[in-house]
């Protein structure tokens, strides 16, 4: 499987608990494969942007939820978690400034 092989299934529905479980699994991985990073970023960004209201955008509540779950304090967030954040910023029609600022700040941190 290559990164371009995975496309979220349009009718597949995640719930909040599924998203939390995927983030917990991700947090336990020391060195995630590129396929995992791609899967997680596509799956969670699709859920957050397209399946949760308001659809097509990341509002303040969605941004806060994601940042609270991926923030690691003084350390740069997990690479796959940053990929989720980045993907949300790409596919959403609108994203809060705080989310863009957070992404820029985290990407500027040393890995």
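Determine, yes or no, whether residue 58 is surrounded by 12 or more Cβ atoms within 10 Å (Cβ to Cβ) and more than 19 Å from residue 101 (Cβ to Cβ). Lay out the reasoning, then the answer.
Numbers: surrounded by 12 or more Cβ atoms within 10 Å (Cβ to Cβ): yes; more than 19 Å from residue 101 (Cβ to Cβ): no.
No, not satisfied.
Report yes if residue 90 is outside any loop (DSSP other than H, G, I, E, B), exposed (fewer than 13 other Cβ atoms within 10 Å of the Cβ) and in contact with a helix residue (DSSP H, G or I) (Cβ under 9 Å, 6 or more places away or on another chain), otherwise no. Here the answer is yes, as residue 90 does meet what is asked. For the range 93-108, which positions are more than 12 Å from the chain's Cα centre (by Cα) and surrounded by 12 or more Cβ atoms within 10 Å (Cβ to Cβ)? Listed by number, the residues that qualify are 95, 96, 98, 100, 102, 106, 107. Do we have residue 81 as closer than 21 Å to residue 24 by Cα and either in contact with a strand residue (DSSP E or B) (Cβ under 9 Å, 6 or more places away or on another chain) or touching a residue at least 60 places away in the same chain (Cβ under 8 Å) (or both) here? Taking the combined requirement at face value, the residue satisfies it.
Only the coordinates and a few stated rules stand behind these numbers; no lab work does. All values derive from a computational prediction rather than experimental measurement. Here Cβ is always computed from backbone atoms with ideal geometry, including for glycine, and neighbour counts include all displayed protein chains.
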